[in-house]
Every structure is written in structure tokens, then in C-alpha cells.
Amino acid sequence: MTGRTLVLGMGNPILSDDGFGLVVIEKLREQEIPDGVHVTGSEVAGLRLLELMRGHDKVVIVDALCSGSRSPGDIVRFSGDDFKGGHRYMAAHSLGIRTVLDLGEKLGYDMPSEVVAYAVEAADVETFAEELSPPVAAAVDEVIDLVRREIGG
């Protein structure tokens, strides 16, 4: 798998805005994707991300964010140093991305040299619903465009 890019949409499809990453992935799958790019969704987090990310040179994560400091639908890009230290950009997931990458490297796995994330500020991640809130749904197409630029497509 070396030389490949992974676009990883994360979330829970039945907790309203927490399904944002999965909705983006579903729509991306309907489009032409450049060679060498793998698009997948995942409801897992923490250590289980290790297996999904290993073997790729670049990973682009799409997820929901609950910072409380932004307006619902705001889009934030994270990369590099944003993943270091105790900072976790996704409060709902148990292990930070940097921890997963560091562990994979210590285990001798072929881990990505570049990881970026596009996160949208959620309005609601607690209501059982399969629909995104209006401000989060409005961010889907913009995030798809940002991801397509990230993967060269």
C-alpha cells in the first residue's frame, strides 16, 4: 500500500452531526477519485485507527468537532504540530492522532508521513438521528472541495 493516500471519514451515523465524516465519504465515493487514493469510512477510533492508517503515505481525516469555541458548520484544518502534545481535536475519540502515529512507528509499522484533518464544528452529537443539522449539512460540499484539493483531484 505504500505510496497511497487514505481519505478517512470518521463518525457515528446515528448521532446526528457526528456522522459528518461518513456523509462526506459517501458523497466522495460518487465522484471520480485519483489513482492511489483510497476512500473509506470508519466508526472506530483510538488504537483501531492504527490498522487503517498503516501503509499509507498520507491520511486525510474528515470528522466532526465539538470545541465549543466555534459556530456550528465552521471548518477547521489540522496538521503537523496540531496533533502533538495533549491536544485532541476530537473530544469524542479516546486516543489522539499523534499517539496512534507514535505507537505505530514504535511498533515498526509503515505509518503516514503526513496527516491532515478537516473537522466541522458540530451543533448536535447527542441526538439519535441520521440527518445532519442544517449548518453542518451546509459544510459538506465545501469540505469535499477541500479534500479534493488535498488529494489532487
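The values are calculated or read from the model by the stated rules, or taken from the named source; none is laboratory data. As the structure is a computational prediction, the values presented were derived from the model and not from experiment. Heads up, the Cβs are rebuilt from the backbone with ideal geometry, glycines too, and the neighbour counts pull from every protein chain shown.
Contact annotation: residue pairs with Cβ atoms under 7 Å, 6 or more positions apart or on different chains, pairing a residue in region 132-145 that is assigned to a helix (DSSP H, G or I) with a partner that is surrounded by 13 or more Cβ atoms within 10 Å (Cβ to Cβ) and small (Gly, Ala, Ser), are 135/73; 135/123; 136/73; 136/122; 136/123. Taking into account only those residues within region 111-145 that are charged (D, E, K, R) and closer than 25 Å to residue 83 by Cβ, which is modelled with the lowest pLDDT? In this case the residue turns out to be 114.
When the residues of region 110-139 are narrowed to those that are surrounded by fewer than 18 Cβ atoms within 10 Å (Cβ to Cβ) and aliphatic (A, V, I, L, M), which ends up nearest to the chain's Cα centre (by Cα)? By that ranking, first place goes to 137.
Condition first: in contact (Cβ under 8 Å) with a residue 60 or more places away in the chain, more than 15 Å from the chain's Cα centre (by Cα) and on the phi < 0 side of the Ramachandran plot. Now tell me which residues in region 2-30 satisfy that. Once the filter is applied, which keeps residues that are in contact (Cβ under 8 Å) with a residue 60 or more places away in the chain, more than 15 Å from the chain's Cα centre (by Cα) and on the phi < 0 side of the Ramachandran plot, region 2-30 yields 2, 14, 15.
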